[in-house]
Structures are given as C-alpha cells and as structure tokens.
Amino acid sequence: MKDGKFVICAIAGSLRADSWNRKLLEATAAMAPDDVEVRITKLLGEIPMLNEDDFGNEANSVHALRAEVEAADALLIATPEYNGGIPGVLKNALDWLSLPLGRSVLERKPVALMGATPGRLGTARSQFELRHTFVFSRSPVLPGPEILLSFAPNHFDEQGRLTDPIVLERVELMFTHLKKYASLNEYEVV
Ligand SMILES: Cc1cc2nc3c(=O)[nH]c(=O)nc-3n(C[C@H](O)[C@H](O)[C@H](O)COP(=O)(O)O)c2cc1C
C-alpha cells in the first residue's frame with residue numbers, strides 16, 4: 001500500500017497500437033475505486049528476448065519492469081490469445097520477471113487475469129496457460145471472477161468505454177476480491 005492506495009501493476013500482453021487488451025486495461029483503470037491505483041506499464045515493447053547469456057547484465061528495461069512489479073501490491077494481466085496460448089511477448093516478459101530464481105518479484109505477488117479477443121472464446125485458453133506459468137513463479141492467482149471479453153470490437157463505444165455489462169460487473173468484483181486475496185496471501189513460501 002502506497003499513500004493508502006492498493007497499487008496494481010498492469011501488463012497488456014500485446015504490442016499492437018490499437019490493442020483490445022490495452023483498451024480493456026484502460027477501461028479497468030478508469031473504474032478503479034478511490035483506494036486503488038492501476039499503473040499500466042509501457043515497458044513491454046522494450047523487453048529483449050530472454051538469453052541466459054545476459055543474466056547478471058540485464059537490459060535497463062528488465063530492471064525497470066521488475067521495479068514496477070515490485071512496487072505494486074498486485075499484478076493484473078490482460079492477455080490476448082495466440083494459437084490457443086500465451087503471446088510470446090508476454091511469456092518472454094514473465095520469464096524475465098521470474099528471475100533471479102528465489103528472489104523473483106513475482107514470488108508471492110497476487111495476480112489477477114483478464115483477456116480480450118475479437119473471437120468467441122474470450123482468451124480462456126491463454127488465461128488457463130498463464131495460471132500454469134504462475135505456479136512456477138509461486139504467484140497466487142485469483143481464482144475468480146473470470147474476465148473474458150469475447151467479440152471485443154462490439155463491446156467498446158466510440159469514446160473507448162467498455163460496454164459489456166457482464167465484464168463490467170466482473171471487473172468491479174475483481175477489485176474487491178483482489179484486495180482481499182492480497183491480504184490473505186501474506187504467507188511464507190517454503
Ligand atoms: C498469431 C496469432 C494467433 C492468434 N490466435 C488466436 C487464438 O488462438 N484465439 C483467439 O481468440 N484469437 C487469436 N488471434 C487473434 C487475436 O485475438 C487478435 O489479433 C487480438 O486483437 C490480439 O489482441 P490485441 O487486440 O490486444 O492486440 C490470433 C492472432 C495472431 C496474430
């Protein structure tokens with residue numbers, strides 16, 4: 001908590017200028033209650049491809065992203081789905097964040113997931129795969145609500161406001177649940 005605010009570091013797993021997932025995060029940030037601040041990172045496009053030869057000599061962007069996650073009470077990811085799974089650019093960033101082993105900023109960091117797609121399945125598969133990844137970084141992932149924005153282009157108005165009533169309701173619930181979940185998860189990881 002910083003200045004009484006619950007800080008959420010948010011990552012949109014897409015580099016696309018008109019990304020639906022970034023729009024979903026922006027809509028989410030605009031809905032944050034007064035005691036929550038959502039900080040959407042701009043660093044994803046600057047993260048280099050992971051190369052173990054660079055360990056100990058990481059790019060500044062990697063240090064900066066780690067610092068953004070470390071400074072937050074929780075992590076929120078809005079993921080696209082590519083070929084039924086996590087986009088490479090997002091997985092690459094999470095792999096960097098998972099290091100150094102045993103001292104990762106992801107360890108014990110509560111995580112909430114959401115995703116948007118023009119397709120029908122709402123990123124269900126990439127979100128499920130993300131849960132698997134967070135087992136390895138020992139990051140507790142909020143069990144629900146599931147936030148799946150299918151047919152995304154139909155659910156934003158001309159001002160970029162999110163209009164899907166079910167997703168709006170679930171985003172509100174997510175804030176409540178994530179704050180509670182974070183307070184429950186102050187356990188020691190062995
Ligand atoms: C290589 C590739 C694979 C894709 N595979 C899927 C998929 O498995 N499921 C899906 O719903 N959409 C898939 N899409 C479409 C994306 O959902 C769509 O491009 C979406 O707009 C990406 O998210 P963004 O708007 O945040 O950039 C794929 C797109 C690409 C480029």
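Some notes on this structure:
- Residue list for segment 15-45, filter: open to solvent by 10 Å² or more (accessible area, probe 1.4 Å) and among the small types (Gly, Ala, Ser): ALA17, ALA27, ALA29, ALA30, ALA32, GLY45
- Within segment 46-66, tally of residues that are open to solvent by less than 100 Å² (accessible area, probe 1.4 Å), of a type outside the set (D, E, K, R) and free of Cβ contacts under 8 Å to residues at least 40 places away in the same chain: 9
- Segment 4-25 residues that are of a type in the set (D, E, K, R) and modelled with pLDDT of 95 or more, paired with ones that are in a helix (DSSP H, G or I) and within 8 Å of the ligand (Cβ to nearest atom) (beta carbon under 6 Å, 6 or more apart): none
- Any hit, segment 132-144, residues being open to solvent by 30 Å² or more (accessible area, probe 1.4 Å), on the phi < 0 side of the Ramachandran plot and in contact with a Lys or Arg (Cβ under 7 Å, 6 or more places away or on another chain): no
- In segment 71-104, residue surrounded by the fewest Cβ atoms within 10 Å (Cβ to Cβ) [restricted to those that are away from the ligand (no atom under 16 Å from the Cβ) and among the aliphatic types (A, V, I, L, M)]: LEU101
- Residue match in segment 135-142 (condition: touching a strand residue (DSSP E or B) at 6+ places or on another chain (Cβ under 9 Å), β-branched (Val, Ile, Thr), in a helix (DSSP H, G or I) and modelled with pLDDT of 95 or more): yes
- Residue match in segment 117-124 (condition: within 16 Å of the ligand (Cβ to nearest atom), free of Cβ contacts under 8 Å to residues at least 12 places away in the same chain and either touching a helix residue (DSSP H, G or I) at 6+ places or on another chain (Cβ under 8 Å) or in a helix (DSSP H, G or I) (or both)): no
- Conditions (1) within 29 Å of HIS63 (Cβ to Cβ); (2) aliphatic (A, V, I, L, M); (3) open to solvent by 40 Å² or more (accessible area, probe 1.4 Å): number failed by LEU173: (1)
The values are calculated or read from the model by the stated rules, or taken from the named source; none is laboratory data. Please read all numbers here as calculations on a predicted model, not as lab measurements. Using ideal geometry, Cβ is built from the backbone for each residue, glycine included, and neighbour counts are taken over all protein chains shown. Surface accessibility is based on the protein's heavy atoms, side chains included, excluding ligands, DNA and RNA. Shrake-Rupley method; radii C 1.70, N 1.55, O 1.52, S 1.80 Å.
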